[in-house]
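Enquirer: Mind looking over this structure? Questions follow.
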Amino acid sequence: MTSVRQARNEARGRRAKHPVLLAVGIGCYTIAVIAAMFLLVGGTGPFVETALWVVHGLLLLALIRGLGARESGTYAALFVVVTSVMSVYVFDLGRDDLTLQQRGEEVTATVVKERLDPAEGRKARHSHYELRRKDGSRVPGPELETTTDLYDVGQELTVIADPEGALRPRTPGQADATGELIGAGAAGLAALGAVGWMAWRGSDAASRREERKRPAGAGTVHRHVTGDSSTPDEQEQKLREVLRTQPTDRRGCVKVQPEEYPDVPQQRAARIAWEMGLRAEALGNRGSWRFGETVTEEVPHD
């Protein structure tokens with residue numbers, strides 16, 4: 001029995017290499033798309049950006065289905081695309097702040113003029129401030145903008161100004177992009193986490209499919225190793241007895257080793273359990289079979 005289990009574990013390890021490599025590839029591809037879309041955002045029209053995201057989603061769906069979890073691949077691909085869009089959008093919000101931190105100059109300026117946005121229904125009215133340096137020269141770039149009226153004419157401020165005049169001056173507190181970086185990173189990690197989850201789901205699904213398609217020769221190996229010469233009917237009867245008498249574990253499930261029933265496919269075992277009022281668990285068995293009154297995902301028995 002130990003030899004049979006060891007052989008199956010080795011086979012499972014060989015099967016796992018492909019999904020892991022594919023999952024790593026999908027993760028790298030996802031990161032590359034997020035970086036590329038961040039560089040493209042704003043430089044192309046919304047139609048082009050939407051089309052690129054759709055193409056990315058379709059390609060991602062094909063790659064994720066290659067991991068083996070076909071049933072939930074569509075939802076996973078959609079989740080990865082949505083979180084990737086969020087990561088790009090949030091990171092783009094901090095683009096100007098990062099640029100200012102890289103090339104901006106800290107200057108002391110005085111508010112010389114203040115104005116409010118025109119009233120437009122319930123729309124918030126932002127405040128705009130014209131700033132000048134101590135030598136009377138104007139601070140380069142558009143006016144300083146705040147969401148509320150924070151400053152008065154004649155008040156001195158320390159701001160970070162863009163020498164090229166392309167960006168609005170901001171106070172050091174406004175130019176802090178830490179929040180945007182954390183938000184973008186969290187969304188990106190969520191996308192990568194979904195890829196890892198699908199790799200695990202695909203590996204588990206592949207194991208279940210292999211259990212259902214297990215060749216008849218496994219029974220011969222089991223008999224050779226253990227000396228068990230029971231017939232399929234006797235093995236089914238033994239399984240029924242175990243399901244009826246064996247105590248449940250802390251999860252409320254009866255756990256059995258499939259090697260002890262080499263001629264009973266998992267789908268047939270699920271049918272036997274169903275006839276006895278139990279369901280066969282399809283997830284997280286780690287080489288065993290588990291049967292309980294409630295399960296996360298049931299093995300089909302029809």
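The values are calculated or read from the model by the stated rules, or taken from the named source; none is laboratory data. Everything numeric in this text was worked out from a predicted model, so none of it was measured. FYI the Cβ positions are ideal-geometry reconstructions off the backbone, even for glycines, and counts take in every protein chain you see. To get the accessible areas, we keep the full protein, side chains included, count just its heavy atoms, and leave off ligands, DNA and RNA. Shrake-Rupley method; radii C 1.70, N 1.55, O 1.52, S 1.80 Å.
Enquirer: Looking only at residues in the stretch 31-88 that are among the small types (Gly, Ala, Ser), under 16 Å from the mean Cα position of the chain (by Cα) and open to solvent by less than 20 Å² (accessible area, probe 1.4 Å), which one is nearest to residue 21 (Cα to Cα)?
Expert: Only one residue fits best here, namely 69.
Enquirer: Also, I was wondering about something else. Which residues, counting only those in the stretch 80-125, are of a type outside the set (Val, Ile, Thr) and over 30 Å from residue 163 (Cα atoms)?
Expert: 84, 86, 119, 120, 121, 122, 123
Enquirer: Please identify the pairs in which a residue from the stretch 148-177 that is modelled with pLDDT of 90 or more has its Cβ atom under 8 Å from the Cβ atom of a residue that is among the charged types (D, E, K, R) and in a loop (DSSP other than H, G, I, E, B), counting only partners at least 6 apart or on another chain.
Expert: 169/162
Enquirer: Please work out which one of (1) over 29 Å from the mean Cα position of the chain (by Cα); (2) free of Cβ contacts under 8 Å to residues at least 24 places away in the same chain; (3) open to solvent by 20 Å² or more (accessible area, probe 1.4 Å) is the condition residue 128 fails and give its number.
Expert: Status for residue 128: all satisfied but (3).
Enquirer: Being in contact with an Asp or Glu (Cβ under 8 Å, 6 or more places away or on another chain) and modelled with pLDDT of 90 or more narrows it down to one of 131, 93, so name that one.
Expert: Exactly one residue qualifies, and that residue is 131.
Enquirer: Select from the stretch 134-164 the residues that are part of a loop (DSSP other than H, G, I, E, B), touching a Pro at 6+ places or on another chain (Cβ under 9 Å) and surrounded by 13 or more Cβ atoms within 10 Å (Cβ to Cβ) and list them in ascending order.
Expert: Passing the criteria: 139, 140, 141, 142, 143, 162.
Enquirer: Go through the stretch 254-294 residue by residue and tally those that are surrounded by fewer than 17 Cβ atoms within 10 Å (Cβ to Cβ), assigned to a loop (DSSP other than H, G, I, E, B) and of a type in the set (D, E, K, R).
Expert: 2
Enquirer: To continue, here is another question. Tell me which helices (runs of 4 or more DSSP H) are completely within the stretch 25-121 and hold 1 or more residues being out of contact with any Leu (no Cβ under 6 Å at 6 or more places or on another chain), in contact (Cβ under 8 Å) with a residue 24 or more places away in the chain and of a type in the set (Asp, Glu), or say none if there are none.
Expert: Filter on the stretch 25-121 gives 73-93, 95-103.
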